[in-house]
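Reviewing the structure listed below.
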Amino acid sequence: MNNPVRCLACGSDKPFDLFSLGRIPPVNGFSASSNSDNALPLDVRVCVNCWLCQLKEVPDPEHLFRDYKHFSSASKGNLQHLESVANTLVPDTPVAGQPMALEIGCNDGSLMELLRKTGYDCIGVDPAVNMQKIHEEKGLSVVHDFFDERLAEDLLRSKGPFELIVALNVLAHFPTFMSAFKGIRALLAPRGILHLEVADATETLANGRFDTIYHEHVCNYTLTSIDAVLRLAGLRGIHAEKIDTQGGSLRVLAVRDDSDVEIRETYRTLLERDQTEGVNTKEFYLDVKAKTEASISNLTAAYADFCLDEAPVLLLGAPARGVVMCNSTGLRNISNLHCIDDTPAKHGCVIPGTEIPVGGWEVVKTTGANKAILLSWNYRESMLSRLAENGFTGQVLIPLPETEIVTI
Ligand SMILES: [Zn+2]
């Protein structure tokens with residue numbers, strides 16, 4: 001664990017402590033045991049200089065990402081999102097030869113395959129060495145390392161500048177993100193575009209949706225704090241939009257600060273909205289703290305009520321957010337819970353920090369449960385359909401964005 005005193009983005013010595021979700025094991029640390037011995041504090045702080053909300057203590061990324069159990073292709077909802085992203089990235093600027101694209105945090109290469117089809121020569125970077133075989137089978141060119149300025153120098157020498165750099169849900173994930181942004185600056189072609197997507201704290205944290213806080217999310221960005229980070233790295237934002245993925249995300253396009261690509265009205269409008277909502281004030285974050293504490297307490301009570309008769313209850317999905325939910329509310333203390341997840345590598349394991357077993361969809365029949373809690377609430381429609389397809393009838397508690405119970 002690293003316990004940096006200074007802000008990870010701007011280096012200011014002015015971050016203030018906001019709240020703690022207690023101690024939780026790494027959210028992708030699935031094994032047959034609860035892994036509670038590896039629990040780490042999950043404490044959040046905010047810098048009053050650049051307004052970046054960040055973890056107070058930062059785990060070593062080597063422990064989190066070298067053997068990574070989350071696969072992009074495991075979720076149908078995520079694959080659909082990647083297809084929609086690839087459709088927005090069809091090269092429209094003619095360049096000599098084939099345009100070069102770099103994907104940072106390419107996971108199992110699902111997006112790279114799509115980009116390749118749209119005409120890019122695509123390079124990926126991902127530290128997960130367990131994905132190497134998948135990349136080889138797909139014929140993808142991937143560097144299995146962490147992306148930073150040093151790696152960017154190597155890539156610049158070997159592959160030249162990139163017309164497109166894509167980073168989906170990755171630039172919040174490691175403490176050396178500033179070095180990554182500077183590496184992106186070094187690799188972008190003069191009119192090259194960075195397409196990044198991150199969870200949006202003004203949608204998640206500001207609405208009591210605390211389950212995006214986990215050790216892999218070193219940063220909880222707002223557009224205001226992304227803007228500060230981009231500037232510090234010699235980049236500038238040109239477009240921003242809110243998208244639905246991950247329970248509320250930001251899509252930001254950025255270019256080199258010396259690029260002649262024009263800024264769009266979308267970027268200015270969303271930045272101004274942040275100002276109006278007071279995102280750059282301490283009061284905003286004190287409100288986040290109050291909403292988080294209220295949300296945890298309300299959900300703990302809702303779970304206890306829902307599971308009162310001790311009959312078997314299904315937990316749908318064991319994503320990172322589900323692990324946080326189980327550990328930070330009273331869920332982990334409730335007995336007779338059975339989790340269903342699509343990732344085969346998680347089957348036979350328990351949810352980290354708990355004794356809750358994880359299996360496949362056969363668990364609907366083996367338990368005969370007629371109650372379920374939707375941990376993957378960001379894939380609500382597809383998860384509810386699959387539950388019905390697998391023969392479930394009964395009640396489903398949906399914790400967020402608003403707590404409700406639906407009947408199937
Ligand atoms: Zn700062």
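The values are calculated or read from the model by the stated rules, or taken from the named source; none is laboratory data. Nothing here was measured: the structure is a model prediction, and the numbers come from that model. Heads up, the Cβs are rebuilt from the backbone with ideal geometry, glycines too, and the neighbour counts pull from every protein chain shown.
A compact table of results
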item	result
Test result for G183, touching a helix residue (DSSP H, G or I) at 6+ places or on another chain (Cβ under 7 Å), within 20 Å of L102 (Cα to Cα) and part of a strand (DSSP E or B)	no
Search result, residues across region 136-166 that are acidic (D, E), loosely packed, with under 14 Cβ neighbours inside 10 Å and part of a loop (DSSP other than H, G, I, E, B)	D145
Among the residues listed as K133, K76, the single one being more than 16 Å from the ligand (Cβ to nearest atom), free of Cβ contacts under 8 Å to residues at least 12 places away in the same chain and surrounded by fewer than 22 Cβ atoms within 10 Å (Cβ to Cβ)	K133
Hits in region 45-77 - residues which are hydrophobic (A, V, I, L, M, F, W, C) and over 27 Å from E355 (Cβ atoms)	V46, C47, V48, C50, W51, L52, C53, V58
Residue list for region 7-63, restricted to those being away from the ligand (no atom under 14 Å from the Cβ) and small (G, A, S)	S20, G22, G29, S31, A32, S33, S34, S36, A39
Residue within region 246-264 that is modelled with pLDDT of 95 or more, basic (K, R) and assigned to a strand (DSSP E or B) present	yes
Meets criteria (surrounded by fewer than 17 Cβ atoms within 10 Å (Cβ to Cβ) and not in a loop (DSSP other than H, G, I, E, B)) for T300	yes
Where G353 falls short, out of the listed (1) assigned to a loop (DSSP other than H, G, I, E, B); (2) without any contact (Cβ under 8 Å) to a residue 60 or more places away in the chain	(2)
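Residue-wise test of (1) assigned to a helix (DSSP H, G or I); (2) surrounded by 13 or more Cβ atoms within 10 Å (Cβ to Cβ); (3) touching a residue at least 40 places away in the same chain (Cβ under 8 Å).
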site	(1), (2), (3)
D274	yes, yes, yes
N280	no, yes, yes
E283	yes, no, no
A304	yes, yes, no
